[in-house]
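The values are calculated or read from the model by the stated rules, or taken from the named source; none is laboratory data. Because the structure is predicted, anything quoted here is derived from the model rather than measured. Cβ placement follows ideal geometry from the backbone for every residue including glycine, while neighbour counts extend to all protein chains displayed. Note: accessible area is taken over every heavy atom of the protein model, side chains too, but ligands, DNA and RNA are not part of it. Shrake-Rupley method; radii C 1.70, N 1.55, O 1.52, S 1.80 Å.
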Amino acid sequence: MKQNILVIDLDRCIDCHGCQVACKMENGVALGSSRNTVLTIGPTGTYPDVEMYYLPVMCQQCAEPACVKACPTGACYKRSEDGVIVIDKEKCIGCKSCQKACPYEINNFNNEMRVMDKCNLCSHLTEIGEKPACVKNCSGRALIFGDVNDPNSDVSIALKEAGSENIYSLRDAGNHPSNRYILRNDKWIDVIPQECKAQNGRKR
């Protein structure tokens, strides 16, 4: 079964927020909202041996999405053709159940349309063979898109080359996140994104 995901190479992320800007421009994301957030993790350690990295967080395209289970109208669902979780704005009633159910609080409320909004991996682009806007516009080439169940896809090749010891995912709360993060030299810090958002001061 096909499962499109993002693989994010954190050693290449430079905190430029190009992914956020590209996403907003491509998808018309409402002012004050964002489908993805770049968090600062660290610094940790003792000077001069300190570590810090940047963590882009977007919908994790979970195998068992809590948002889908919580949606009372069926507006939030996982597509069978590519495993991507989308929101049907015609069915959405803006109750925010999906946002409350998501362990990462990824979904946003669109104040203008009074419905929920989230990353759908730019399905309107991927359906015609293009890559998501964030991937196309990542200046550090940190974002990789593809079908994780296809051994010849870009994401599968990147994960194989990185080695299992350098591959991570966001904390699993029974939802089984599909996106993967690459970070070398044992620097990964297990964080809950919403706690880190508070630590970062604001959601950019």
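Quick look at the values:
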| read-out | value |
| --- | --- |
| Some residue of region 186-193 being in contact (Cβ under 8 Å) with a residue 12 or more places away in the chain and open to solvent by less than 20 Å² (accessible area, probe 1.4 Å) | yes |
| Tally of residues being within 30 Å of ASN185 (Cβ to Cβ), open to solvent by less than 60 Å² (accessible area, probe 1.4 Å) and not aromatic (Phe, Trp, Tyr) across region 49-78 | 9 |
| First in region 81-93 and without any contact (Cβ under 8 Å) to a residue 24 or more places away in the chain and on the phi < 0 side of the Ramachandran plot, second anywhere and open to solvent by 10 Å² or more (accessible area, probe 1.4 Å) and assigned to a loop (DSSP other than H, G, I, E, B), Cβ under 7 Å, 6 or more apart | LYS91/THR73; LYS91/GLY74; ILE93/THR73 |
| Close pairs (6 angstrom Cβ cut-off, 6 or more residues apart or separate chains): within 25 Å of ILE14 (Cα to Cα) and polar (S, T, N, Q) in region 131-152, assigned to a loop (DSSP other than H, G, I, E, B) and open to solvent by less than 90 Å² (accessible area, probe 1.4 Å) anywhere | SER139/CYS16 |
| Total residues in region 34-48, condition hydroxyl-bearing (Ser, Thr, Tyr), in contact (Cβ under 8 Å) with a residue 60 or more places away in the chain and open to solvent by 20 Å² or more (accessible area, probe 1.4 Å) | 2 |
| Unmet requirement for LYS24, which otherwise passes all of (1) farther than 13 Å from LEU143 by Cβ; (2) buried (at least 20 other Cβ atoms within 10 Å of the Cβ) | (2) |
| Of all residues making up region 138-175, the number that are polar (S, T, N, Q) and open to solvent by 90 Å² or more (accessible area, probe 1.4 Å) | 3 |
